[in-house]
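Notes for the one structure printed next.
The values are calculated or read from the model by the stated rules, or taken from the named source; none is laboratory data. Keep in mind it's a predicted model, so treat the numbers as computed, not measured. FYI the Cβ positions are ideal-geometry reconstructions off the backbone, even for glycines, and counts take in every protein chain you see. To get the accessible areas, we keep the full protein, side chains included, count just its heavy atoms, and leave off ligands, DNA and RNA. Shrake-Rupley method; radii C 1.70, N 1.55, O 1.52, S 1.80 Å.
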Amino acid sequence: MSVALEVLGDWQRTDACGALRPADVGRTVTLFGWVHARRDHGGVLFVDLRDRGGLVQLVCNPADSPVAHERAGEVRLEYVLAVRGTVRHRPPETVNAELPTGEIEVAVDELRVLNTARPTPYPIDDTTEVSEPNRLKWRYLDLRRPHVQRNLVLRHEVTQRVREHLNRAGFLEVETPVLTRSTPEGARDYLVPSRVQRGAFYALPQSPQLFKQLLMIAGLDRYYQIVRCFRDEDLRADRQPEFTQIDLEMSFVRPADVMAVVEPMIADVFAAVRGHPTARPFPVLPYAETMLRYGTDRPDLRVDLELADFSECFAGTGFRVFAEALASGHRVRGLAAPGAGAALSRRELDDLVGFATQQGGRGLTWIRIGEDGWQSPAVKFLSDAERERLTAAARLRPGDLLVLLAEPDALAAAILSQLRLQLGERLGRVARGEDRFLWVVDFPLLEWDAEARRHVAVHHPFTAPADAELERLEQEPLAVRSQAYDLVLNGIELGGGSIRIHRPDVQQRVFALLGMSETEARDRFGFLLDALAFGAPPHGGIALGLDRLVMLLAGADSIRDVIAFPKTQRATCLMTEAPTPVDPAQLKELGLRVVS
Ligand code: ASP
């Protein structure tokens, strides 16, 4: 059956479908939308019409308008309609308390079918579970579903709030190039071949890092941009090849000044969405302390357990495992869990040991403080003095559990940080439903990359060393702290930034420490070194991951849920099928050949 289509003509929308309320009763309205549902009740047709704002029930009664009723008989799900009618109260027994428009309905006088629709591959509703490939292949249909659409509305609200904050604080929104040269943020670049200069390539920006610094050198003082960044990473977990950052930069600032702009902005965004105030100020912890207490630089502060260093309790110990570890410079670190002694069965304790060895550790020592003494496979190796010291250090009480580990520091941190989360979960010591923010500061400037056999920047090569530590940059590079900071929420890194190097001599020294010869540094970053030599002001900034931020606010499981057109884990777009092979003529023009 082919359905005759009509045009909008001079019809003007008077209302959004979902906005009608009892106060509108008696009004003649013109509505546009999609057929969400259709029911035939003994000759009277009911159609739920849906637009972005919600649904409204239309009633097509042959007694009121035979023509409209006949047209309504032709419509199917997802047809596009224009209707005119009168808002009226629903009969009391048909009031739907679940629906914002549930007290009214629209008695239709005229109905135009603007377009038909094929049967959709899945129902457009909030309840059907749809597989990820189907969601992505038919993304425009997925986005019609109210709960998915809501995420984009939220994203819009978040970005508007962020803009308002930054505008008020005197920031200028400036766009930076997408076709540029590589900025090292530690990932692979997406490259774009130049047609005009064969063999030369642009890189898509991994971030606007150098441009925002150049804007400070240009005297713009405060810049922001809600900007797309591109990183060709193996798409671990929840990454996208293109993602969005709230990127900002300020002149004449210290870390605290940048934090003082970002913190109220983020607190306000969360308060608006959560409907209650965000606890402030956010705690600030030095990196070293964070690693000591949580074993990670992005701790989940909702978990009410902390790590500690118990090495001193074991000075001169007869427990061989610990004695050897201490002798080779390792620490005995651990985690005391009050009241957990009874909560965990012997099997669960063995599982903890199993977990530690799976992670590459040699083992793990657990001690259960029972009412009638200590239970532990290691108990016979511990002296009374050691027990006393441990009891004092870990404030042990009957019923507690202590786990101890003597491994190289990075491994110990990796194992214990995970055990902290697991035990927290297992023991119900996680403050679910809370937002626990944290600033981590004083990161090391450099770390040693054993594979590359050179220093690499912990943040990026433009991050400033702490002022007071500049002198020992070459003597003790790994001990030098930077002026970098991260914002962490519930174990997730929301963003990071730093005060930048603004002196060309210091930038040269850091490049040299990163193993870059002077020529190489000039080749890659000559424009930056030049710019720094023309009166660069002290400056710094930060970038926050917008996708992750909105995901957390939406309570979504994946950043794909808050991006209109995301890619798969294999970096493909199932809808457009990008990336695709290209016409050989295009390649020829670019001077490229594909080798298999
Ligand atoms: N450009 C940095 C990044 O993308 C952020 C910053 O230092 O402002 O991680």
statement: Nearest 10, in degrees from 0 to 90: the angle of helix 504-513 to the longest Cα principal axis of the chain is 70
statement: Taking r as the C-beta separation of Ala410 and Val67 and R0 as 51 Å, the FRET efficiency to the nearest 0.05 is 0.10
Spacing of the two label points (7 Å from each Cα toward its C-beta) at Arg13 and Arg39, in nm: 2.6
query: Where in segment 488-530 does the amide nitrogen come within less than 15 Å of the point 7 Å from the Cα of Glu474, taken along Cα to Cβ?
result: 505-518
task: Compare the peptides 445-451, 90-96 by average per-residue count of other Cβ atoms within 10 angstrom and give them in order, highest first.
output: 445-451, 90-96
task: Count charges around Ala533 for me, please; just the other residues with Cβ under 15 Å from its Cβ, Lys/Arg as +1, Asp/Glu as -1.
output: +1
Mean residue ellipticity (222 nm) of the chain, computed from DSSP H runs ≥ 4 via -39,500 (n - 2.57), nearest 500: -8500 deg cm²/dmol
query: If the chain between Glu434 and Val582 were fully stretched, how many nm would it gain, using 0.36 nm times the residue separation less the Cα-Cα distance?
result: 48.3 nm
- prompt: Rounded to the nearest 0.05, what FRET efficiency is calculated for Arg280 and Ala187 with R0 set to 25 Å and r the Cβ-Cβ distance?
  reply: 0.15
- request: Compute the distance in nm between two label points, each set 7 Å from the Cα along the Cα-to-Cβ direction, one at Glu451 and one at Ala315.
  value: 4.1
Per-pair calculated FRET efficiency, R0 = 30 Å: Glu157 and Gln422 via Cβ, rounded to 0.05: 0.25
- prompt: Any idea what angle helix 146-168 forms with the longest principal axis of the chain, computed on alpha-carbon atoms, 0 to 90 degrees, nearest 10?
  reply: 60
task: Per residue of segment 126-131, in order, report the coupling 6.51 cos²θ - 1.76 cosθ + 1.60 (Karplus, θ = phi - 60°) as ³J(HN,Hα) in whole Hz, putting x for Gly and Pro.
output: 8, 10, 5, 7, 10, 5
- prompt: Which peptide among 307-318, 492-503, 187-198 comes first, and what is the full order, when sorted by highest mean count of other Cβ atoms within 10 Å?
  reply: 492-503, 307-318, 187-198
- prompt: Could you give the nm distance between label points at Glu589 and Ala564, where each point is 7 Å from its Cα heading toward the beta carbon?
  reply: 2.7
Per residue accessible area in Å² of the chain, where ligands, DNA and RNA are left out and the probe is 1.4 Å: 49
